[in-house]
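As structure tokens, the structure follows; a few thoughts come after it.
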Amino acid sequence: MAFTYRTATIADIPQLKQLGLDSYGTFQNVLTEDNWAKLHSNLRNETVYTDLLNKSTCYVCVYDEQIVGMAFFIPNGNPTEIYDAGWSYVRMVGVHPDFGGRGIGRELMQTCIAVAKETNEKVVALHTSEFMDAARYIYESMGFVKVKDLESRFGKRYWLYRLEI
């Protein structure tokens with residue numbers, strides 16, 4: 001299988017949105033119906049992807065002209081209620097369920113970390129949940145450290161992770 005990696009563009013939003021629905025759709029069975037409806041609504045909202053692309057670089061994995069993996073790298077200077085202004089962070093890492101276990105998520109995260117180093121970022125942060133076991137395993141194996149509990153989202157526990165660069 002030949003995977004290629006590249007930077008996403010606005011033209012990729014339909015595929016990014018579909019990948020969001022496909023990759024995060026695997027969590028439907030661990031969420032309540034109401035919480036799944038909220039997450040699903042976010043994932044199909046094109047504005048979510050447009051807003052992310054306007055402040056980030058989205059790295060994607062492509063197989064047979066289809067985007068099968070994504071990770072949005074946001075540089076410092078884009079604070080949120082979770083992330084400090086001086087931190088870079090990664091959002092919406094997703095891999096199509098048919099392509100899980102092939103190192104795509106790890107490769108996308110390694111790309112984000114490499115870019116952070118090249119651009120002299122001091123911290124790369126992310127948040128993840130109790131039901132995202134595979135993602136947490138990858139993050140922790142790459143040196144990300146859980147630094148605090150976050151407010152519950154979608155009825156589940158979430159944590160803030162950081163990697164010092």
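Between THR80 and ASN29, what is the FRET efficiency for a Förster distance of 25 Å, r being their Cβ-Cβ separation, to the nearest 0.05? Approximately 0.30, to the nearest 0.05.
Between TYR137 and GLU46, the simple label model (points 7 Å from Cα in the Cβ direction) yields a spacing of 3.7 nm.
Taking 26 Å as the straight-line reach from the Cα of LYS148, the lysines in range (excluding those fewer than 8 positions away in the same chain) are LYS38, LYS55, LYS117, LYS122, LYS156. From its DSSP helices (H runs of at least four residues, each -39,500 (n - 2.57)), the chain gives a residue-normalised ellipticity at 222 nm of -10500 deg cm²/dmol.
Spin-label model, LYS148 to LYS38: label points 7 Å out along the Cα-to-beta-carbon direction sit 2.0 nm apart. At q = 0.11 Å⁻¹ the log10 of I(q)/I(0) for the chain amounts to -0.41, computed by Debye summation with a single uniform scatterer per C-alpha, solvent ignored. A Förster distance of 25 Å, applied to the separation of the beta-carbon atoms of GLU65 and ASN120, puts the FRET efficiency at 0.10.
Every read-out reported here was derived from the displayed coordinates using simple, explicitly stated rules and does not represent laboratory data. Since we're looking at a predicted model, the values are computed, not measured. Cβ atoms come from the backbone with ideal geometry, glycine included; neighbour counts cover every protein chain shown.
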